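These notes concern the structure reproduced below.
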Amino acid sequence: LAQALQLRAAVLLALGEGADATSEAAAAFRSLGKTASEASVWQAAMLAHLGRQELLDALKCAQELLAVHQTAGNRREQVQALDSIASLQLLRENTSRALKVSQEALSLARDLCDDRLLVDLMR
């Protein structure tokens, strides 16, 4: 059922709809304890909104993605979600917020002692 809801959300997002379907699919995976699948729903929704230049909706999805990874304790994925949020804030011309979120991502990457992740953030 959760996978069917994810497919439904993907189709509706492709049609320019699907906010409720995205939340419904994410909730279904959350109830099953499938964090990676829940995160993939938000990631796909973020990218779909970004592709249509719906920056606020993409940002909301990126924030949901971050929350999923924070709850699961996935620190590396949190860095990547923070980087997405910073990029979206920059696209929305909110440079002060983009800088703050970028610094948060860098700090977390340093805490992880992950040089590859640090370099990726600085590109």
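Mind running the shape call on the range 61-123? Use the C-alpha gyration tensor, a ≥ b ≥ c as the square roots of the eigenvalues: rounded below 1.5 for a/c, prolate if a/b tops b/c, oblate otherwise.
oblate
Enter the accessible area per residue of the range 74-119 (Å², integer; probe 1.4 Å; all protein chains in place). Could you put the intermediate results ahead of the total?
On the way: 2820 Å² over 46 residues.
Heavy-atom SASA per residue in the range 74-119 reads 61 Å².
Give the shape of the range 19-76 as rounded, prolate or oblate, defined through the alpha-carbon gyration tensor: a ≥ b ≥ c are the square roots of its eigenvalues, a/c under 1.5 means rounded, and otherwise the shape is prolate if a/b is larger than b/c and oblate if not. If you can, show how the numbers build up before the last one.
Working: a/c = 2.47, a/b = 1.46, b/c = 1.69.
Cα axes put the range 19-76 in the oblate bin.
Around ALA58, with a cut-off of 12 angstrom between Cβ atoms, what is the net charge of the other residues, counting Lys and Arg +1 and Asp and Glu -1?
Working: positive: ARG52, LYS60, ARG92; negative: GLU54, ASP57, GLU64.
Once positives and negatives cancel, what remains is 0.
Which percent of the accessible heavy-atom area of the chain goes to carbon and sulfur, probe 1.4 angstrom?
Ligands and nucleic acids excluded, carbon and sulfur give 52 percent.
Given a Förster radius of 30 Å and the C-beta distance between LEU55 and ASP115 as r, what FRET efficiency does 1/(1 + (r/R0)^6) yield to the nearest 0.05? Can you show the working numbers first?
Working: r = 31 Å, r/R0 = 1.03.
With a Förster radius of 30 Å, E is 0.45.
Just the ratio, please: alpha-carbon radius of gyration of the chain over 2.2 N^0.38 Å, N its number of residues.
For the chain, the normalised Cα radius of gyration is 1.07.
Which helices pass in the chain if a helix is a full DSSP H run, must span at least 15 angstrom along its long axis by Cα, and must have mean Kyte-Doolittle hydropathy not below -0.5? Mind dumping the intermediate values first?
Values: long enough: 2-14 (18 Å, 1.30); 19-31 (18 Å, -0.02); 35-51 (24 Å, 0.52); 55-72 (26 Å, 0.62); 75-91 (24 Å, -0.04); 95-111 (24 Å, -0.32).
What comes out of the filter, once short or polar helices are dropped, is 2-14, 19-31, 35-51, 55-72, 75-91, 95-111.
The values are calculated or read from the model by the stated rules, or taken from the named source; none is laboratory data. Note that the structure is a prediction, hence the values are computed from the model and not measured. In this analysis, Cβ positions are derived from the backbone assuming ideal geometry, glycine residues included, and neighbour counts consider all displayed protein chains. For accessibility, only protein heavy atoms count, side chains too; no ligands or nucleic acids. Shrake-Rupley method; radii C 1.70, N 1.55, O 1.52, S 1.80 Å.
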